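Working notes, structure below.
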Amino acid sequence: MKVVYLSSEVVPFAKTGGLADIAGTIPKSLQKLGVEIVVFMPLYGMIKESPYPIIKTDIQFEVKIGDKFKTGGVYKGFLPDTKVPIYFLDNEQYFGREGLYNYPGTTADFEDNCERFIFFAQGALEVIEKLKVFPDIVHCNDWQTGLVPVYLKTNYAKKSCFKNTKTIMTIHNLAYQGWFWHWDMKLTGLDWGLFNWRQLEFFGKLNFLKAGIVFSDLITTVSKTYAEEIQTPEYGAGLDGVLRERARGLYGIINGIDYSLWNPETDKHIIVNYGLKSLSGKQLCKRALQRKYKLPERDCPIIAMITRLADQKGLDLVVDKFQDLMKVDLQFVVLGTGDQRYHVLFQDYASTYHTKVAVKLTFDERSAHEIEAGADMLLMPSRFEPCGLNQLYSLRYGTVPIVRSTGGLADTITDVRSEPLSSGRANGFSFKEYNSDLLLATIIRAVDLFKHKSQWTTLMKNGMAQDWSWERSAGEYVALYKKFVQEKSKL
């Protein structure tokens with residue numbers, strides 16, 4: 001089976017969020033399961049300066065953007081430590097700048113994002129044809145690739161290379177849809193007749209993600225609960241009706257994690273390794289974390305947040321109850337960046353409660369690993385969370401998650417009240433309603449159980465023993481691919 005995997009960001013080459021982690025990992029697992037897979041992404045300026053080897057090929061291509069023809073080149077590399085080829089589409093005007101989608105240090109989108117990802121969508125199809133891949137499936141990810149299914153059913157429909165090709169669109173976060181001015185429709189080279197409420201138009205704008213949802217043969221998203229949630233007005237971001245129409249072809253497959261990178265037994269970022277059979281190293285990691293962040297070396301629980309500092313991540317709930325939290329015997333460590341108002345608030349908390357609160361307003365991989373290993377609990381009270389990865393990292397590190405039960409958090413975290421600890425299924429604490437009182441009550445429940453060491457150790461071990469690897473998720477994708485390719489009619 002031949003699969004082309006399209007993503008606007010791929011670890012370790014370029015990353016703004018979880019999409020990159022997934023795009024850098026799932027192709028490896030799919031290849032191990034026998035899928036013949038190639039990856040495509042833009043050649044951002046940072047990639048040319050990265051330590052990962054890539055070579056310039058002699059492939060050139062040309063696409064039409066509005067009335068102008070734009071040319072591009074192609075570089076080739078491999079996902080590190082694999083034989084998975086990755087092709088980088090090069091155009092200095094579109095991708096040579098600093099930043100992927102936004103002006104660096106701001107939330108302001110590049111004004112030409114529409115052009116940039118029209119170029120990527122058409123360019124990828126041109127290069128696929130030149131490589132003579134003849135894919136069974138083109139797997140698209142998020143709005144940046146949303147026009148690919150449209151092109152394959154229209155402008156590229158008669159190309160022999162794509163005669164038997166089907167498309168999958170994976171939604172990683174429905175909140176990001178790729179909305180553009182309606183006059184940008186002329187840049188796509190598509191028939192204006194497609195700009196209607198059932199296809200590409202969305203409240204007067206051109207919507208790339210809607211286009212991908214409508215024209216793809218099948219849709220997946222990153223957890224089963226999120227697949228259900230996005231069909232409701234509360235979580236559907238205006239596209240719930242479109243998704244309900246496609247419900248028969250909508251699947252949820254939970255993301256996995258790469259245990260070669262996130263495993264306390266082999267992690268090179270932490271002071272001492274430990275694992276399910278020997279937990280003593282975790283206590284040493286905790287003491288190292290307290291020393292690094294200048295917190296007293298006490299046995300009270302450390303609650304950590306490794307997150308984007310934004311309302312979506314439940315920071316408003318945390319702020320609402322922070323004074324009450326400080327009355328509880330705990331320490332609080334925050335790693336992340338985001339909205340400026342949260343930067344100011346948490347800096348104030350760290351100053352006011354310097355023996356209980358530590359804040360690092362940046363993000364780096366080493367610190368994330370050190371916190372996962374040293375903390376006792378991870379807090380994720382998200383307003384919505386398509387999948388979430390940090391709770392899965394935490395499970396492997398024996399750091400018990402405290403989550404709001406939504407999206408992938410609902411699919412992965414089983415509250416201690418719903419299953420006996422002896423069953424092996426209970427692995428954390430959760431609450432359902434988006435409510436700060438429930439958040440506080442759930443944290444207090446966790447702190448109370450922490451005092452009962454034998455029960456707490458059992459809870460830690462439950463999570464550490466569970467399998468949330470990409471191999472598990474990749475198996476579901478392969479089964480879906482096989483079923484999908486064998487279907488004779490559109491789902």
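The values are calculated or read from the model by the stated rules, or taken from the named source; none is laboratory data. Given the structure is predicted, the values throughout are model-derived calculations rather than measurements. Positions of Cβ are generated from backbone atoms using ideal geometry, with glycine treated the same way; all protein chains shown enter the neighbour counts.
Here are some notes:
- Qualifying residue in the stretch 415-427 (condition: under 23 Å from L335 (Cβ atoms), modelled with pLDDT of 95 or more and not in a helix (DSSP H, G or I)): yes
- Residues located in the stretch 349-384, provided they are farther than 23 Å from V447 by Cβ and among the acidic types (D, E): D364, E365
- Note on the stretch 412-436: among residues that are touching a residue at least 40 places away in the same chain (Cβ under 8 Å) and surrounded by fewer than 20 Cβ atoms within 10 Å (Cβ to Cβ), the one that is farthest from the chain's Cα centre (by Cα) is L421.
- Check on T362, surrounded by fewer than 15 Cβ atoms within 10 Å (Cβ to Cβ), more than 20 Å from P264 (Cβ to Cβ) and under 23 Å from the mean Cα position of the chain (by Cα): yes
- Sole residue being crowded, with 17+ Cβ neighbours inside 10 Å and either over 27 Å from N427 (Cβ atoms) or not assigned by TED's automatic domain parsing to the domain that holds F431 (or both), chosen from F332, F322, F346: F346
- Test: residue in the stretch 154-171 that is among the small types (G, A, S), at pLDDT 95 or above and surrounded by 24 or more Cβ atoms within 10 Å (Cβ to Cβ): no
- So G398, is it surrounded by 17 or more Cβ atoms within 10 Å (Cβ to Cβ), at pLDDT below 95 and in a loop (DSSP other than H, G, I, E, B): no
- Odd one out for V403 among (1) assigned to a loop (DSSP other than H, G, I, E, B); (2) touching a helix residue (DSSP H, G or I) at 6+ places or on another chain (Cβ under 6 Å): (1)
- Some residue of the stretch 285-301 being closer than 28 Å to K28 by Cβ and surrounded by 14 or more Cβ atoms within 10 Å (Cβ to Cβ): yes
- Taking (1) under 25 Å from Y176 (Cα atoms); (2) at pLDDT 95 or above in turn, E98 satisfies each apart from (2).
- Pick from the stretch 439-481, criterion surrounded by fewer than 17 Cβ atoms within 10 Å (Cβ to Cβ) and in contact with a strand residue (DSSP E or B) (Cβ under 7 Å, 6 or more places away or on another chain), ranking: modelled with the lowest pLDDT: L480
- Listed by position, the helices (runs of 4 or more DSSP H) inside the stretch 144-261 whose residues that are touching a Phe, Trp or Tyr at 6+ places or on another chain (Cβ under 7 Å), on the phi < 0 side of the Ramachandran plot and in contact (Cβ under 8 Å) with a residue 24 or more places away in the chain number at least 2 are 148-153, 208-215, 224-229.
Condition check ((1) buried (at least 21 other Cβ atoms within 10 Å of the Cβ); (2) acidic (D, E)) across all residues:
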residue: T225; (1), (2): yes, no
residue: E229; (1), (2): yes, yes
residue: R244; (1), (2): no, no
residue: A247; (1), (2): no, no
residue: G252; (1), (2): yes, no
residue: L276; (1), (2): no, no
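- Flag if L389 is under 24 Å from the mean Cα position of the chain (by Cα), of a type outside the set (D, E) and at pLDDT below 95: yes
Each row is one residue, and each column tells you yes or no for (1) under 26 Å from the mean Cα position of the chain (by Cα); (2) more than 20 Å from N207 (Cβ to Cβ).
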position	(1), (2)
F95	yes, yes
E98	yes, yes
E115	yes, no
Q122	yes, no
F134	no, yes
D142	yes, no
G146	yes, no
K159	no, yes
T170	yes, no
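- So G72, is it among the small types (G, A, S), at pLDDT 95 or above and closer than 21 Å to H139 by Cα: no
- Scanning the stretch 1-38 for residues that are farther than 12 Å from C140 by Cα, in contact with a strand residue (DSSP E or B) (Cβ under 6 Å, 6 or more places away or on another chain) and among the β-branched types (V, I, T) gives V10, V35, I37, V38.
Yes/no per residue for (1) touching a helix residue (DSSP H, G or I) at 6+ places or on another chain (Cβ under 9 Å); (2) β-branched (V, I, T); (3) not in a helix (DSSP H, G or I):
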{"site": "L289", "(1), (2), (3)": "yes, no, no"}
{"site": "E297", "(1), (2), (3)": "yes, no, yes"}
{"site": "D316", "(1), (2), (3)": "yes, no, no"}
{"site": "D329", "(1), (2), (3)": "yes, no, yes"}
{"site": "V359", "(1), (2), (3)": "yes, yes, yes"}
{"site": "S367", "(1), (2), (3)": "yes, no, no"}
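- Residues in the stretch 6-51 that are at pLDDT 95 or above and either outside the structural domain of A479 (by TED's automatic domain parsing) or among the acidic types (D, E) (or both): E9, E36.
- Entirely in the stretch 7-124, the helices (runs of 4 or more DSSP H) that have 3 or more residues that are crowded, with 21+ Cβ neighbours inside 10 Å: 18-32
- Selected residue (criterion: farthest from A446 (Cα to Cα)) from residues of the stretch 333-348 that are at pLDDT 95 or above and of a type in the set (V, I, T): V344
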